[in-house]
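Some notes on the structure that comes next.
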Amino acid sequence: MLRDLKDFARVPVQQNGSQNQGREIFHCDGGEKCSWPSPRARTKSKFKYMHRIECVVTGKVQGVFFRDFAKENADELGIVGDIKNQEDGSVFLVAEGGKSALENFITKLSKGPQSAQVTNVSVAWREAVGGYNFFSIS
């Protein structure tokens, strides 16, 4: 299981007793613990400590390495998801991770790389649904 989540879950947490009921516990960000169910259960249940954002970033965000910038920051923060350019010149992304990591990610997205000029970041918070093992660029 750790191999599937190695890009997301960074540091295993040792836990005494059988409280985690066969689940592995990981630090996601800022000391927050994320509980990962088994792969079978993962497709049926929501992640208790995980969150999902869907963002549209507008401004001069295409042709300026914005997606690479987002991926680099997502990887550093332990966030999984996907980012892609839109026909209207904006960038759309879906990201899942701990709440504080996602908040930090949004802050970084609003600044963008030096060559970008971000005018707006629209964010919709959702429940995490899984389906991502890493952050990818489409």
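Some points to look at:
- Residue in region 42-52 that is buried (at least 20 other Cβ atoms within 10 Å of the Cβ), among the charged types (D, E, K, R) and touching a residue at least 40 places away in the same chain (Cβ under 8 Å) present: yes
- Residue that is surrounded by the most Cβ atoms within 10 Å (Cβ to Cβ) [pool: residues in region 98-119 that are of a type in the set (Val, Ile, Thr) and under 14 Å from the mean Cα position of the chain (by Cα)]: 106
- Lone qualifier among 70, 95 - being surrounded by 18 or more Cβ atoms within 10 Å (Cβ to Cβ), in a helix (DSSP H, G or I), of a type in the set (Gly, Ala, Ser) and modelled with pLDDT of 95 or more: 70
- Filter pass, residue 76 being in a helix (DSSP H, G or I) and free of Cβ contacts under 8 Å to residues at least 12 places away in the same chain: yes
- Within region 127-136, being surrounded by 13 or more Cβ atoms within 10 Å (Cβ to Cβ) and assigned to a strand (DSSP E or B) holds for 135, 136.
- Any hit, region 80-89, residues being aliphatic (A, V, I, L, M), part of a strand (DSSP E or B), modelled with pLDDT of 95 or more and in contact with a Gly (Cβ under 9 Å, 6 or more places away or on another chain): yes
- Residue 138 satisfies every condition listed in (1) within 12 Å of residue 51 (Cα to Cα); (2) modelled with pLDDT under 95; (3) not hydrophobic (A, V, I, L, M, F, W, C) except (1).
- In region 73-92, residue surrounded by the most Cβ atoms within 10 Å (Cβ to Cβ) [restricted to those that are of a type in the set (D, E, K, R) and closer than 11 Å to residue 137 by Cα]: 82
The values are calculated or read from the model by the stated rules, or taken from the named source; none is laboratory data. All figures in this text were calculated on a predicted structure; none of them were measured in a lab. Note: ideal-geometry Cβ built from the backbone for every residue, glycine included; neighbour counts use all protein chains shown.
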